[in-house]
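The values are calculated or read from the model by the stated rules, or taken from the named source; none is laboratory data. Here the structure is a predicted model, which means the values were calculated and not measured. Every residue, glycine as well, gets a Cβ built from its backbone with ideal geometry; the counts of neighbours run over all protein chains shown.
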Amino acid sequence: MTVTIEKDSTRTLTVPPKARRTSQRPVRGGKPLISYGKWWWALPAIILVLGVQYAATLTGGFFAFTNWTGLGSFEITGFDNFATIFADPQLLGAVWNTLFLAFGSVIITNVLGLLFALAINRTLKTRYILRTLLFMPVVLSPLAVAYVWKFIFQFNGPLNGFLGAIGLEELQKTWLADPTWSIWAILITVVWQQTGFTMVIYLAGLASVPVEVEEAAALDGAGVWGRFRHVVVPAIRPSIAIATTLGLIQGLRIFDQILALTGGGPAGATETLATEVYKNAFSLGQFGFGSALALVLTVIILAFAILQQYVTRDREVGKVS
């Protein structure tokens, strides 16, 4: 081995073979254990998902066309369960309440969440404390939140007490026992808990909006509304799609808050498809009819999720310039 020490002189060094570094590694016998696994290493997880999720869903879909009571034999009834659902005014009212809570919560939480995100994104010094306080209701149990609001909405609770203190006794109501206002009480409870989650989604989207682009738009004469419409909204379109999709699915499945606040009352005024599924399947033992209600709810969720994804899709993708 020859090593050049200086420009005009060289020295020859002899390196023993044992001291030389080589990139060759000793070949071990056999193959690594992971090479034998290939795809069937995931087979237990695949079987678990197929059995717990898809097989159970298909089984429930099958029982939706039967009169099964949960025990013993059953008969195929075809579409009789679905005919009963759409012929029953109370069940149609449950469908209306489901849609009202879903779309009401989606609209209000997205508007409030976006406003909060815009307000505490960059300007306020206390934005980190405000983010924590606004997100805190999200980590609480829905049942715990519902019981807190149930105390607030009681006739002798803080809400009526506040109205009486400011001289608005005529506005005092039995909020959870009123067929008109009870559904609004549930909506307020859901919005209060879910707004923080929507805010975090929009904060993540606003973090990707370049400050330089907003400043350039301001220099070009764009106002606050112009910058929001033409700079911010296009940049946070993926966040809008995620927030509305998750909010819509969650809104269609509201159950805990209704069970804790009103139990579906008064006189079925706050019943939804989720509560009807629970009562028919587990309280009345009509598992076939409850499965039919669950299938209707599943179809509604799937249809609105697909429609929402189509409406909020990025229209710039696929265009040829």
Qualifying residue in segment 141-160 (condition: at pLDDT 90 or above, of a type in the set (G, A, S), in a loop (DSSP other than H, G, I, E, B) and more than 30 Å from L295 (Cα to Cα)): yes
Report yes if L307 is out of contact with any Asp or Glu (no Cβ under 9 Å at 6 or more places or on another chain), aliphatic (A, V, I, L, M) and without any contact (Cβ under 8 Å) to a residue 12 or more places away in the chain, otherwise no. yes
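Listed here are the residues, each with its yes/no results for (1) within 28 Å of G263 (Cβ to Cβ); (2) surrounded by 13 or more Cβ atoms within 10 Å (Cβ to Cβ).
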| site | (1), (2) |
| --- | --- |
| I85 | yes, yes |
| G93 | yes, yes |
| A119 | no, yes |
| A165 | no, no |
| A177 | yes, yes |
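Rundown of residues vs (1) in a helix (DSSP H, G or I); (2) at pLDDT 90 or above; (3) within 30 Å of T174 (Cβ to Cβ); (4) touching a helix residue (DSSP H, G or I) at 6+ places or on another chain (Cβ under 8 Å), yes/no style:
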{"residue": "A204", "(1), (2), (3), (4)": "yes, yes, no, yes"}
{"residue": "S208", "(1), (2), (3), (4)": "no, no, no, yes"}
{"residue": "A216", "(1), (2), (3), (4)": "yes, no, no, no"}
{"residue": "G226", "(1), (2), (3), (4)": "yes, no, no, yes"}
{"residue": "I242", "(1), (2), (3), (4)": "yes, yes, no, yes"}
{"residue": "I254", "(1), (2), (3), (4)": "no, yes, yes, yes"}
{"residue": "Q257", "(1), (2), (3), (4)": "yes, yes, yes, yes"}
{"residue": "T275", "(1), (2), (3), (4)": "yes, yes, yes, yes"}
{"residue": "F289", "(1), (2), (3), (4)": "yes, yes, no, yes"}
